[in-house]
Amino acid sequence: MTFMSETGSSGYPAGASRASAPLRMTPARWVVLALTLPVAIALIGWTGFNLVTTVARGSYPFSYAIPVQDGQVAVNINAGNVTLREAPGSSTARLTGTVQYGLIRPGIGESITPTGASIDMSCDGINTDCGMSGSLDIPAQTAVTLWSNGGDITASGFSSGMSLSAAGGNVTATNLQGDLRLDSGGGDLSANGLTGTLQIATEGGNVNAGAWAGTGTTRVDTGGGDMTVNGLTGNFQMSTEGGNVDASGVASALVGMDSGGGNVTLALTQVPQNLQISTEGGNVTVILPLGSTTYDISTPDNLGANISYPQSLFSSTSTHKITIDSAGGDITVSQA
């Protein structure tokens, strides 16, 4: 009787799985390992650090007296959001708030200079969750100058003028009077109930506004952002540098607009004396108040764009001038 061997030529029983041989490290594999291993370790470490900083969040309060000089307060804050509040009955200004941080507790301090107060906070590069939020209480009838290095600014109910610069944060202003200079530095700006000399800039942010009453020429430069306004009184000079304009309820004798390519929609409640609009390609819609007033309407450099307005509105001898340079955008002039 003949017996057949059940082992293969390699010495393993037939049907048995063969153990994998150790992976041989070639020079290319050593290079890949050398390149990827530090990255993997760094990612693991960074993930763990972020987890620790998230769990180990802390906070502490602060309070600083701010000098009032000649009826003015000037404050420079290098980090955080600030809300300005009027403090009737007080003769001093005070900044109070809370510092928030992750794993590393930052320091905060005040320094006084001839030009005002400076609030500095030492947030280092790895402390990603670091900032402050505060309230600045200011005596009544005190003018305010505030610089914020990127934080949001909120102000309401002041009547002695105000200069606010957010350096990238959002600005929210309500019921302000006087010489008003608001600059978001790139953030959005929302402002309602402004009265006085108005100079507004966003350097790229959008402007949402209502109930502005300019005592001089209101000047707005969005730097590329859109502008939406409902209710504006006084002469108006505006540049959006590419943003769209939607302005309604405008009572202005002198209006100048340059959209830099954006569309312009302008609805007036007062007969304009001189209206000049340049869009550099954007469309223009002008809605004039009802009445029998005629206008000397000029549309230079329209590049064959569609132009529409009732002939009853036009008179070359009118002292009310409307000049619209669309550079190719469509132009529509009508009455409400």
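Every read-out reported here was derived from the displayed coordinates using simple, explicitly stated rules and does not represent laboratory data. Worth saying up front: this structure is predicted, and the values here are computed from it rather than measured. Virtual Cβ from ideal backbone geometry, glycine too; neighbours counted across all protein chains shown.
Near I307, the amide H atoms lying under 5 Å from its own belong to I331; only residues 5 or more places off or on other chains count, and H is placed 1.01 Å from N.
Nearest 0.05, what FRET efficiency do R24 and I104 give at R0 = 56 Å with Cβ-Cβ as r?
After rounding, the FRET efficiency stands at 0.75.
Its Cα gyration tensor gives segment 272-321 an equivalent ellipsoid; the semi-axes, largest first and in whole Å, are 20, 11, 11. When Lys and Arg each count +1 and Asp and Glu each count -1, what net charge do the other residues less than 13 Å away from N283, Cβ to Cβ, add up to? My count for the surroundings of N283 gives -4. With coordinates expressed along the principal axes, the C-alpha atoms belonging to segment 135-335 extend over 58, 29, 18 Å, beginning with the largest. Straightening the chain between T115 and F314 buys 66.1 nm, computed as 0.36 nm per residue apart minus the Cα-Cα spacing.
Extending 7 Å from Cα along the Cβ direction at T217 and again at S135 yields two label points whose distance is 4.1 nm. Around Y64, with a cut-off of 9 angstrom between Cβ atoms, what is the net charge of the other residues, counting Lys and Arg +1 and Asp and Glu -1? Taking every other residue near Y64 into account, the sum is 0.
The Cβ shell under 9 Å around G328 holds other residues with a net charge of -3, Lys and Arg each +1, Asp and Glu each -1.
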